[in-house]
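The values are calculated or read from the model by the stated rules, or taken from the named source; none is laboratory data. It should be emphasised that the depicted structure is a prediction, and the values quoted were computed from it without experimental measurement. All Cβ positions, glycine included, derive from the backbone under ideal geometry; neighbour counts span all protein chains shown.
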């Protein structure tokens, strides 16, 4: 028996040497982003790289999706777990409103990303100078399932523009840019961080204008949705758009499935904030992704993992953000 035990011990030892250390279980994490013509996709790719590199056992990947509305549904069902969404869509999903048809989604906020600006783009030669002139025109309000489409419809309704008063092609950012270039639509809608590639590319080949909102229009829109604010698109962001343009803004939120483990979310959030310098190299809008902004601008309650990190940093979390 003693000899047999020695033989078994040697066999086990040799097996471990050959096989190497037992591999830790890997957690695969999908991040719902948007189309490739906006900021969500490169931002999400940067987040995925940070998590894969600095959170042991995590392999994250950015996935092309229909953006905000779809990302809420995917995260709630656990098909992506994490999603990039606009604040108005996050509220609608959390409360089961609007396109979520009374079904509260199982989501919480992880972090605040950066503010989106509503950018209504026309060619410079277009006769459209006011958003209310889209009646009877062919436009794109953004792809189905996107935050852009969600926001556009809220804005149009607030301004008394019936959704059946214009022909809506509902194109992605890249498709909207191409359709404006080809003349198949008269106005394209973007709700995205300033300096998005699809508008910049269009502005290099065609003269463009961005439709401003009047103070009266802004007042109506802000009354329709508490997550919106009046902002200005700075002049010089796009070629030929030299003066500031009054428009509507909304913060973007990194959401996650409510049931995600607290310690896992803590590690993800910690890595995100501590390596934000890398994210800023991908897009300067990531400079808004700070712990302080999480408590200032999150429109829905924070995940317990995020709260754990914020408290560790000495940041007070208001009661409204505690689930």
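Tally up the residues in segment 49-70 that are buried (at least 22 other Cβ atoms within 10 Å of the Cβ), out of contact with any strand residue (DSSP E or B) (no Cβ under 7 Å at 6 or more places or on another chain) and within 14 Å of residue 27 (Cα to Cα), please.
Residues meeting the conditions: 0.
Just checking, how many residues over segment 78-92 are more than 12 Å from the chain's Cα centre (by Cα) and either within 19 Å of residue 42 (Cα to Cα) or without any contact (Cβ under 8 Å) to a residue 40 or more places away in the chain (or both)?
2
Given (1) under 23 Å from residue 81 (Cα atoms); (2) modelled with pLDDT of 95 or more, identify the lone condition not met by residue 282.
Against the list (1) under 23 Å from residue 81 (Cα atoms); (2) modelled with pLDDT of 95 or more, residue 282 comes up short only on (2).
Report, by residue number, each residue of segment 75-91 that is within 15 Å of residue 147 (Cα to Cα) and surrounded by fewer than 24 Cβ atoms within 10 Å (Cβ to Cβ).
91
Can you find a residue that is assigned by TED's automatic domain parsing to the domain that holds residue 290, in contact with a strand residue (DSSP E or B) (Cβ under 6 Å, 6 or more places away or on another chain), modelled with pLDDT of 95 or more and farther than 24 Å from residue 176 by Cβ anywhere in segment 82-89?
Within segment 82-89, one or more residues are assigned by TED's automatic domain parsing to the domain that holds residue 290, in contact with a strand residue (DSSP E or B) (Cβ under 6 Å, 6 or more places away or on another chain), modelled with pLDDT of 95 or more and farther than 24 Å from residue 176 by Cβ.
Taking only segment 201-253 into account, find how many residues are touching a strand residue (DSSP E or B) at 6+ places or on another chain (Cβ under 6 Å), free of Cβ contacts under 8 Å to residues at least 60 places away in the same chain and either assigned by TED's automatic domain parsing to the domain that holds residue 302 or assigned to a helix (DSSP H, G or I) (or both).
Residues that pass the stated criteria total 2.
Return a yes/no flag: does segment 273-287 have any residue that is assigned by TED's automatic domain parsing to the domain that holds residue 34, within 20 Å of residue 72 (Cβ to Cβ) and under 15 Å from the mean Cα position of the chain (by Cα).
Looking for residues that are assigned by TED's automatic domain parsing to the domain that holds residue 34, within 20 Å of residue 72 (Cβ to Cβ) and under 15 Å from the mean Cα position of the chain (by Cα), one finds none in segment 273-287, hence no.
Give the residues of segment 297-309 that are out of contact with any helix residue (DSSP H, G or I) (no Cβ under 6 Å at 6 or more places or on another chain) and farther than 16 Å from residue 91 by Cβ, sorted by residue number.
307
Quick check on residue 60: is it more than 22 Å from residue 301 (Cβ to Cβ) and assigned to a strand (DSSP E or B)?
yes
Would you mind telling me which numbered condition in (1) over 24 Å from residue 95 (Cα atoms); (2) out of contact with any strand residue (DSSP E or B) (no Cβ under 9 Å at 6 or more places or on another chain); (3) crowded, with 17+ Cβ neighbours inside 10 Å residue 316 fails?
Residue 316 satisfies all of (1) over 24 Å from residue 95 (Cα atoms); (2) out of contact with any strand residue (DSSP E or B) (no Cβ under 9 Å at 6 or more places or on another chain); (3) crowded, with 17+ Cβ neighbours inside 10 Å except (3).
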